[in-house]
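Single-structure report; data block below.
Taken together, the values in this text are just the output of simple stated rules run on the coordinates, not laboratory data. Source: prediction; values computed, not measured. So basically every Cβ, Gly included, is an ideal-geometry build from the backbone, and we count neighbours across all protein chains shown.
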Amino acid sequence: MSKKWNLVVDVDRCNNCRVCFIAVKDEYAGNDFPGYSAAQPAQGHNWLDIERKERGSYPLVEAHFLPVMCNHCDDAPCMKAARDGAVRKRDDGIVIIDPVKAKGQKQIVEACPYGAISWNEEQQLPQAWTFDAHLLDAGWTKTRAEQCCPTDTYRTLKVDDAEMQRIKAEEGLEVLKPELGTRPRVYYKNLHLITHCFVGATVVVDVKGVEECAAGAEVLLKKGGREVGRAVTDTFGEFKIDRLPPNSGDYRLEVRSAAGSFGGDFELGAESRYLGVIRLGTGG
Ligand code: SF4
Ligand code: SF4
């Protein structure tokens, strides 16, 4: 089986420094790579972008960042929308929008379900990140984004498809919009930080009339009577249970410690929830 390019992006490592964003601009803005890509305009195109997702509410708030780019799909809608072979899939998995044949084919932009293609108005050309194919063909083993990222968010892998599926299973990697069946070659680690919700709270206990953080309390999360999550409160009495599907409805939370217990119901909507301060032994 032939080896093909894949990109692994670890969402938990990205801190939004945007060095990779600038590196992609530096590589493509004003630079023609015949056979690969025409020059990116100075303004308006983000072939690699960083999206932001905030979760929770004060005091349990976190921000995560999602690098997005062309996914180099194996079943690419942009290819199907192109005429005259203007978008082609290389044997090594990379999807190239031909900078000559694709001229005037604006329908290619609209065909991408990831919004990864920009329209170059001046050149009347659809354009997307080429996986730095011109660099890889010249012997590079990493994309520029990986080369410059200070947190090792990216891993550029050239492996056969069976090996990539093994890595995917082993590391719990996911792709964006898998339900579309586009079979992206860009994989994400810790994608739940973007796609899923957490629930958290601060647990306190009354000690001789003074409220203290209840460290070490056991927290159980149940759905329909079945345990779906478990945590132990930290030094500040806080806990967080993650990877809950958004809009997943009713849950029951149970907290126990030597000082007392608590049980209560809540509903999970589209966003993560901070449930406030839970007072043990008082019924909340
Ligand atoms: S360089 Fe790395 S850490 Fe910085 S924005 Fe890009 S992926 Fe995130
Ligand atoms: S992400 Fe969009 S532009 Fe890239 S291969 Fe898939 S459909 Fe085409």
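Using the alpha-carbon atoms, what tilt in degrees (0 to 90, nearest 10) does helix 161-171 show relative to the longest principal axis of the chain?
Helix 161-171 sits roughly 20 degrees off the main axis of the chain.
Compute the label zone of residue 90 within segment 66-81: residues whose backbone N is under 19 Å from the point 7 Å along Cα-to-Cβ.
Hits in segment 66-81 for residue 90 at 19 Å: 69-80.
What list of ³J(HN,Hα) couplings, whole Hz, do you get for segment 224-238 from phi and the Karplus terms 6.51, -1.76, 1.60, once you set θ to phi - 60° and write x for glycine and proline?
Once rounded to whole Hz, the list reads x, x, 9, 5, 10, x, 8, 7, 10, 5, 8, 4, 8, x, 9.
In whole Hz, with x marking every Gly and Pro, tabulate ³J(HN,Hα) for segment 109-124 from phi via Karplus 6.51 cos²θ - 1.76 cosθ + 1.60, θ = phi - 60°.
Once rounded to whole Hz, the list reads 4, 5, 6, 6, x, 9, x, 8, 9, 9, 9, 8, 5, 5, 9, 6.
Hey, what number do you get for the chain at 222 nm if only DSSP H runs of n ≥ 4 count, each worth -39500 (n - 2.57), divided across all residues, to the nearest 500?
Working: 7 runs with 45 residues, N = 284.
-4000 deg cm²/dmol, from helical runs alone.
Give me the angle, in degrees from 0 to 90, between the Cα long axis of helix 19-28 and the longest principal axis of the Cα atoms of the chain, rounded to the nearest 10.
Helix 19-28 sits at roughly 10 degrees to that axis.
Using bins 10 angstrom wide from zero, how does P(r) for segment 98-224 break down, in % of all Cα pairs?
All Cα pairs, binned at 10 Å, distribute as 9, 23, 28, 17, 10, 8, 4, 1 percent.
Take the cross-link list 3/177; 103/177; 4/168 and give me the ones stretching past 22 Å between alpha-carbons.
Details: 3/177 24 Å; 103/177 28 Å; 4/168 14 Å.
In this structure, 3/177; 103/177 exceed 22 Å between Cα atoms.
Would you look at the GNM of the chain, springs on alpha carbons closer than 10 Å, and say which of 86, 258, 39 moves the most?
258
Considering the chain as a Gaussian network with a 10 Å cut-off on Cα pairs, which listed residue, 198, 33, 65, attains the greatest mean-square fluctuation?
Between 198, 33, 65, it is 33 that shows the largest mean-square fluctuation.
Non-local amide H neighbours of residue 186 (under 5 Å, H modeled in plane, Pro and chain starts lacking H): which ones?
So residue 186 has HN proximity to 7.
Given the alpha-carbon gyration tensor of segment 197-279, what are the semi-axes of its equivalent ellipsoid in whole angstrom, ordered largest first, with each equal to the square root of 5 times an eigenvalue? Write out the running numbers ahead of the final one.
Values: eigenvalues 105, 30, 22 Å².
For segment 197-279, the semi-axes come out at 23, 12, 10 Å.
Report, in cubic angstrom per residue, the convex hull volume of the C-alpha atoms of the chain.
On the way: hull volume 42.1 nm³, N = 284.
Once divided by residue count, the hull of the chain is 148 Å³.
To the nearest 0.05, how large is the calculated FRET efficiency for residue 223 and residue 151 if R₀ is 35 Å and r is the Cβ-Cβ distance? Show your work: numbers first, answer last.
Details: r = 35 Å, r/R0 = 0.99.
E(calc), rounded to 0.05, equals 0.50.
Where does the charge balance sit around residue 67 when Lys and Arg score +1, Asp and Glu -1, over other residues with C-beta under 13 Å from its C-beta?
On the way: positive: 13, 18, 52, 53, 144, 155, 189; negative: 10, 12, 49, 51, 146, 152.
For residues surrounding residue 67, the net value is +1.
Using a 7 Å offset from the Cα along the Cα-to-Cβ direction at both residue 210 and residue 13, what is the distance between the two label points in nm, to one decimal?
Inter-label distance under the simple model: 4.5 nm.
Please list, by residue number, everything in segment 253-284 whose backbone N is under 12 Å from a paramagnetic label point 7 Å out along Cα→Cβ of residue 179.
Once the point is set 7 Å along Cα→Cβ of residue 179, nothing inside segment 253-284 turns out to lie under 12 Å by backbone N.
Please build a GNM for the chain, connecting alpha carbons under 10 Å apart, and tell me which residue among 140, 129, 119 fluctuates the most.
140
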